[in-house]
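Notes to accompany the following structure.
Derivation of every value follows stated rules applied to the coordinates shown; laboratory data play no part. Since the structure is predicted, the reported quantities are computational estimates derived from the model, not experimental observations. Here the Cβ is made from the backbone with ideal geometry for all residues, glycine too, and neighbour counts use every protein chain on show.
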Amino acid sequence: MLALTGKKMVVIGGSRGAGRRIAEEAHGNGARVLAVARREDSLRKLAEEMPGVEVLSLDATDAEAPSRVFDVLEPDILVVCAGAHPSTAPLHEQSWQQFAVNWESDVKIAFHFCKAALSRPLPDGTTIVLVSSGAALAGSPLTGGYAGSKRTQLFIANYCQKESDRLRRGLRFLAIAPRIMTDTELGERAIAGYSGYLGISEADFIRSMSSPPTSSHAASAVIELVTRTERPKENVFIVSGKGLEAVQS
């Protein structure tokens, strides 16, 4: 039997990058998968290339998005992987709109969906995974408010876990923090930005990274976490090319 046979997974931001890879991995492991994203063309391509994966187009930053999604498929596993690409420039060269873009997307989406998981509530035993970033722990001086917004996602997972425990909801909130993923558009933009800033080649910048992950590493991390038979003590995990590493709280 496949690891996720009989499970229902919703992937917010499931049409590209790590989100798409998570949707593909979950589908391959037997889950019923609903991929949610804004762009209909990307979702249509996913549905054509992965028969059986269901798709839904909407703006995940909308306060009503969680209700619309959960009315289509109430998940056993909810993965929140949606967000904006940050600008790559030193802080003093950015406008406030550029600096704050990830607060108005990544954080807002995590807020709405985690709030809905608790207030609807989703069924006892549901696992919610926020896909944050290694920047949340290490910083990212060329991407404005990105690191702070991704750190806030870690706080949201922690706050919601405490509320679930207090209210006896039986939900499990987790967050993964992948380091720069070399095969995603977001990762490629970060590599180009930092290598240019440092005056080195992209190849040299990649060589300077310690075990950089790919989107496949992130997907495998999600599958590993949601299929563990024992609840881990920690709820935040770094993802590198070597696998998962728990962040001690």
Quiz item: Taking helices (runs of 4 or more DSSP H) that fall entirely within the range 104-197, which contain at least 3 residues that are in contact (Cβ under 8 Å) with a residue 24 or more places away in the chain, surrounded by 17 or more Cβ atoms within 10 Å (Cβ to Cβ) and in contact with a Ser or Thr (Cβ under 6 Å, 6 or more places away or on another chain)?
Solution: 146-167
Practice problem: Name the one entry in Ala37, Ala31 that is touching a residue at least 24 places away in the same chain (Cβ under 8 Å) and touching a Lys or Arg at 6+ places or on another chain (Cβ under 6 Å). | Solution: Ala31
Exercise. Tally the residues that are in a helix (DSSP H, G or I) and either touching a strand residue (DSSP E or B) at 6+ places or on another chain (Cβ under 7 Å) or of a type outside the set (D, E, K, R) (or both), restricting the search to the range 35-63.
Key: 5
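The rows are residues; the columns are (1) assigned to a helix (DSSP H, G or I); (2) in contact with a strand residue (DSSP E or B) (Cβ under 8 Å, 6 or more places away or on another chain); (3) within 27 Å of Ala26 (Cα to Cα).
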{"site": "Pro66", "(1), (2), (3)": "yes, no, yes"}
{"site": "Leu78", "(1), (2), (3)": "no, yes, yes"}
{"site": "Gly83", "(1), (2), (3)": "no, no, yes"}
{"site": "His92", "(1), (2), (3)": "yes, no, no"}
{"site": "Gln97", "(1), (2), (3)": "yes, no, no"}
Quiz item: What is the number of the single condition among (1) farther than 23 Å from Phe99 by Cα; (2) surrounded by 15 or more Cβ atoms within 10 Å (Cβ to Cβ); (3) among the hydrophobic types (A, V, I, L, M, F, W, C) that Ile200 does not meet?
Solution: (2)
Quiz prompt | Among (1) among the hydrophobic types (A, V, I, L, M, F, W, C); (2) outside any helix (DSSP H, G or I); (3) crowded, with 18+ Cβ neighbours inside 10 Å, the one test that Phe205 misses | solution = (2)
